[in-house]
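The values are calculated or read from the model by the stated rules, or taken from the named source; none is laboratory data. Only a predicted model underlies this, so the values are computations on that prediction, with no experimental measurement involved. FYI the Cβ positions are ideal-geometry reconstructions off the backbone, even for glycines, and counts take in every protein chain you see. What goes into the accessible areas is simple: the full protein's heavy atoms, side chains included, and nothing from ligands, DNA or RNA. Shrake-Rupley method; radii C 1.70, N 1.55, O 1.52, S 1.80 Å.
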Amino acid sequence: MKILLHRIARGISGLIFVIGLLWGCARPHSDQLQRSSQTKVLMGTYVTVDVCYSREDARVLLDAYNEVWARVQELQEIMSLYEPRSEISRINGSYPDAVPVGHELYQVLDSSIRISELTRGAFDITVFPLVHLWRESGRAKRLPSKMEISQAQDRTGMRFIELLEDQRVRLLKPGMSLDLGGIAKGYAVDEAARVLRSRGFKDFFIDAGGDLYLGGQSCQGTPWRIGIRNPARKDQIIDIVEVRNQAVTTSGSYEQYVEIGGRNYSHIIDPRTGFPQEGVVSATVIAPITYEADALATALCVLSQQEGIELIESMGESYGALLIVSDSRVDHLKLVPSLKYQEHRLPKF
Ligand code: AMP
Ligand code: MG
């Protein structure tokens, strides 16, 4: 079932999307705002920024876009594991020394530790040795041995990250590598939103590869409407949420996985077992801050369905989640802003 699901799902370009834009929205009335859209490849994905603006703001808008792109580029250069000169790469090669870092990275590391605690270890930015092992095993088309998994696991553990005074960071084990793949895009989206607001734009949406933030309302003056697709049938929308000043992010095994021996293995690792997560096909999280939504969506793929639901329920009124699980039966949605829980039942795949 799961294999079939992933095969079908392979071509899906995104599980969540802003509805009016893809389906053609009504032309704005003259007193309504215009919509501008720009897309760039950054942080390993397509980043799209749509802004609602009035004619008088047209020049400020160009400056705002330039600042947004410069900021996201800057964050990529700080947080990418694949840029040898990034701050994160400097930390990764620094054992046993402490490394001074900028305030953004320090803040993201601090938040990662907090979210790791909140998710009882499911969110874990030290899993890279395991991510790498499974990726290489996928290339070689053979399962990693128990020994390889336990050796990689020995190089992980959130408690081996030490945040020191004066924005310094120290890794406490040799061979560790920090990977912000589960949170950095969300942080970049929050920064882009901050830049747009600082330039006076309130109504916009930002999408960094499935990590969305919806500012204010649509250019038609209605709430942003987000469609969530069925991962198995991209023409089918399983839910629509209306949001305002909220992030909506999706993680899952439906798009990124490695195939070994006819089975698909998720790119998200369960740090407790050293194996790729299974069970949750996709997790969509609604939260006030994108980096939180990003990290929580990754964690909800690792946690059991029950644990995930309990976590979101414990988190206050502006948090919600929709899980699609591989038995394709039980899903859970806390709608924003009505904040009602609804049971969702997917059609049989
Ligand atoms: P996302 O697409 O936000 O769910 O992030 C997935 C990426 O986060 C993976 O490609 C890995 O780089 C990294 N990752 C994998 N497993 C975990 C985990 N348990 N906690 C945090 N990050 C992870
Ligand atoms: Mg994430």
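Per the helix-only calculation at 222 nm, which mean residue ellipticity applies to the chain, given -39500 (n - 2.57) for every DSSP H run of n ≥ 4 and division by its residues, nearest 500 deg cm²/dmol?
Working: 10 runs with 114 residues, N = 349.
Per the formula, -10000 deg cm²/dmol.
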**Q.** Ranked packing of 217-224, 153-160, 189-196, most packed first, by mean Cβ within 10 Å
**A.** 189-196, 217-224, 153-160
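For a quick protection proxy, order the peptides 292-304, 310-322, 94-106 by their average other-Cβ count within 10 Å, most packed first.
Values: 292-304: 27.8, 310-322: 17.7, 94-106: 15.2.
Ranking the peptides 292-304, 310-322, 94-106 by packing returns 292-304, 310-322, 94-106.
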Q. For segment 50-63, in order, what is each residue's ³J(HN,Hα) by Karplus, 6.51 cos²θ - 1.76 cosθ + 1.60 with θ = phi - 60°, in whole Hz (x at glycine and Pro)?
A. 10, 10, 8, 8, 9, 3, 5, 8, 4, 6, 4, 4, 4, 4
Q.
Can you return the aspartates and glutamates within cross-link range of K173? Criterion is Cα-Cα under 13 Å, with same-chain partners fewer than 8 residues away left out.
A. D97, D154, E162
**Q.** Carbon and sulfur %, accessible surface of the chain computed with the full protein complex present, 1.4 Å
**A.** 49 percent
Q: For the chain, build the charge dipole from Cβ charges (+1 Lys, Arg; -1 Asp, Glu) around the Cα centre, then report which of A293, A98, S137 sits farthest towards its positive end.
A: S137
